[in-house]
Structures are given as C-alpha cells and as structure tokens.
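Worksheet: one structure, shown below.
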Amino acid sequence: MDIKKLQTLVVDALEDVKGQDIAVFDTVHLTSLFDRIAIVSGTSNRQTKALAASVRDKVKEAGGEIIGMEGEDTGEWVLVDLGDMIVHIMQAPIRAYYRLEEIWGDKPVKLGAAKRAPKKAAGDEPKKVSGHLAASKANVEATPVIEKKAPAKKAAATTAAKKAPAKKAVASKAVGKTVKVAPTKTETAAVKALKALPEKKVRAPRAAKPAADAAPAKTVIKRIKKVEE
C-alpha cells in the first residue's frame, strides 16, 4: 500500500475515535525499518484500546497488513505495527514522560489530506429559493423595542413642578376674595345715637343788602286819563 494512503487511513481512524494531539513524522532519513511514525494521546485505557482497534479495522478493510499490536492489556501505551508505519497510542502522562517527538520529530508531515472536508452529495445541496415569492422568504424576527423609563428622581421632580402652578392659582384666588367683617359694639352704638338726634331746621338765606354806592331804584308812576262822560 502507498505510504501516503496508509498515513491518511491511520489519521482518519484516529480522528473517528477523537484522538488528541495527532502527529505524523517522516523517518526515512533516520531508519530503514519504517517510513512513518504516528503519535496520538488518549484520555483513558478504554480510549487508547478503542483507538488501536479503529486503526486495525480501517487498515484491514483497505487491504493493508497488520504486523502486530502491543500494550492492549494495560492500555497505557498501545503500539500498532503496520510495517511501513508505526502508531504509538499513549496516555498524556506517558507521552510527556517519554517524549518520542524529540527522537523522531525532525520532519513533521502535514495532515491536510486527512483533514479535508468530505464532499457534499448531490442531494445535500440546498435548493435555490426565488426571491419574488413572499412565502419562501425567511421570517425576520421582530426586535423588541425597549422604552427607556425616566429615573424615579427625575419623575418625582417633574410631577412636583407640574403641581406647583396649582398652588399659586389657589393663592391668587384667595387674594381676590372680599371678606366681610362684622362691626364692633361701639360702632353700632354710635350709629344708633346719630339716628336719635333731632333734625336741625334749615334757615332761609337772607337777602343781600344793597350796596351804598348803588343807585336808588326809580319808581314809575303811570297816569291814567279820565274818560269824560
């Protein structure tokens, strides 16, 4: 089997069981025993065993050869020998302790081929919707309008300011009213005394005396002629 195809199968099998920190290195320049080495971390004994089983099954289905498997009993470090490629499945503390990357990690291999997105089937493509149909348009969610409420202090001040003119109006009305005050006892007694007094007789005005320089009045005597019988 082609080495590129083999490493792609291994990476896919590890990703299917959610292996962590997958790394593949080229070891052709370091040893003639194998061309690739893969290192992956598992969170538990069960996961490391599941990762090893996934690699074994995928390679067998593709027609590859499984040379051997070691470490399945404990599950802390499981090694899968595929001939041209060695897969180390380790728990995180074991991997940090042995540091295999420092020994074999001179030439890391890019995993772009294994991480390519799967092609969409012909029936999976969404159907195009015509824009002129109102029923086919997506419903737009109405955004709620939040009314801003005035603070309580400002509201109280405005209400007090509105009530102030009413008080002034009441005061102005009170000023315009005439208040009747009852007369005192002394005033009533004085009024009665004035009414009891007799009325004074009014004398006629005296005729004015003629002045000394004034000329005496002339008396006109008319003579009457006797008619003869």
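The table for this structure:
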item: Unmet criterion (only one of (1) open to solvent by 40 Å² or more (accessible area, probe 1.4 Å); (2) without any contact (Cβ under 8 Å) to a residue 40 or more places away in the chain; (3) at negative phi) for ALA52; result: (1)
item: Qualifying residue in region 35-42 (condition: surrounded by fewer than 21 Cβ atoms within 10 Å (Cβ to Cβ) and closer than 18 Å to TRP104 by Cβ); result: yes
item: From the options THR27, THR8, residue that is among the hydroxyl-bearing types (Ser, Thr, Tyr), touching a residue at least 24 places away in the same chain (Cβ under 8 Å) and closer than 23 Å to LYS60 by Cβ; result: THR8
item: Answer residue from region 72-83, given it is surrounded by fewer than 18 Cβ atoms within 10 Å (Cβ to Cβ) and in a loop (DSSP other than H, G, I, E, B) and is nearest to the chain's Cα centre (by Cα) among those; result: GLU76
item: Meets criteria (without any contact (Cβ under 8 Å) to a residue 60 or more places away in the chain, surrounded by 17 or more Cβ atoms within 10 Å (Cβ to Cβ) and among the hydroxyl-bearing types (Ser, Thr, Tyr)) for SER32; result: no
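The values are calculated or read from the model by the stated rules, or taken from the named source; none is laboratory data. Here the structure is a predicted model, which means the values were calculated and not measured. Cβ coordinates were reconstructed from backbone atoms using ideal geometry, including for glycine residues, and neighbour counts include every protein chain displayed. Only protein heavy atoms, including side chains, enter the accessible area calculation; ligands, DNA and RNA are left aside. Shrake-Rupley method; radii C 1.70, N 1.55, O 1.52, S 1.80 Å.
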